[in-house]
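A short reminder: the numbers here are calculations on the coordinates, not readings from a lab. All values reported here derive from a predicted model rather than from experimental measurement. Here the Cβ positions follow ideal geometry from the backbone for every residue, glycine too, while neighbour counts run over all protein chains shown.
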Amino acid sequence: MTTEVIRTKLEKIIDPYIPEGEKPDDVTDELDLMEDLHINSAHLVDIILDIEDAFDIEITDDEAEKMMSVGSAMEIIAEKS
């Protein structure tokens, strides 16, 4: 799976959880899910579950703790896909 495919799917997963008025013009690897995109911790769990379903992978607790930025989430997805 290419990086672009992963990014496109990931952006579609994350988008509904970003509060209105907080959506950036461009989603970059450096964006922190909680600090930059203002996604709360409960929604992070939902995002991880959605990622598991969309990519047909299983995210461990250790991996979930490392998924704090768009780039780190993409790296974990790429390793498991």
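Note on Lys12 and Thr28: the model spin-label points, each 7 Å out from Cα along the C-beta direction, lie 2.6 nm apart.
Only aspartates and glutamates eight or more places from Lys66 in sequence, or on another chain, were considered; those with a Cα closer than 13 Å are Asp32, Glu75.
Amide hydrogen proximity for Ile39: with H placed 1.01 Å from N in the peptide plane, the residues at 5 or more positions away or on another chain lying under 5 Å are Met34.
Sparsely packed loop sites in the chain (the GluC sites (Glu not before Pro) outside DSSP H, G, I, E and B with at most 13 other Cβ atoms within 10 Å) comprise Glu20, Glu22, Glu30, Glu35, Glu58. Computed over every Cα-Cα pair of segment 26-81 and binned at 5 Å starting from 0, the pair-distance distribution P(r) comes out as 4, 19, 33, 28, 14, 2 percent. If you take the square roots of the eigenvalues of the alpha-carbon gyration tensor of segment 1-42 and sort them as a ≥ b ≥ c, do you get rounded (a/c under 1.5), prolate (a/b over b/c) or oblate? Judged from the Cα gyration tensor, segment 1-42 comes out prolate (a/c at least 1.5, a/b above b/c). Once backbone amide H atoms are built at 1.01 Å from N, Ser69 has Leu33 as its partners under 5 Å, excluding neighbours fewer than 5 places away on the same chain. Summed over qualifying helices (DSSP H, 4 residues or more, each -39500 (n - 2.57)) and divided by its residue number, the chain shows a 222 nm mean residue ellipticity of -16500 deg cm²/dmol.
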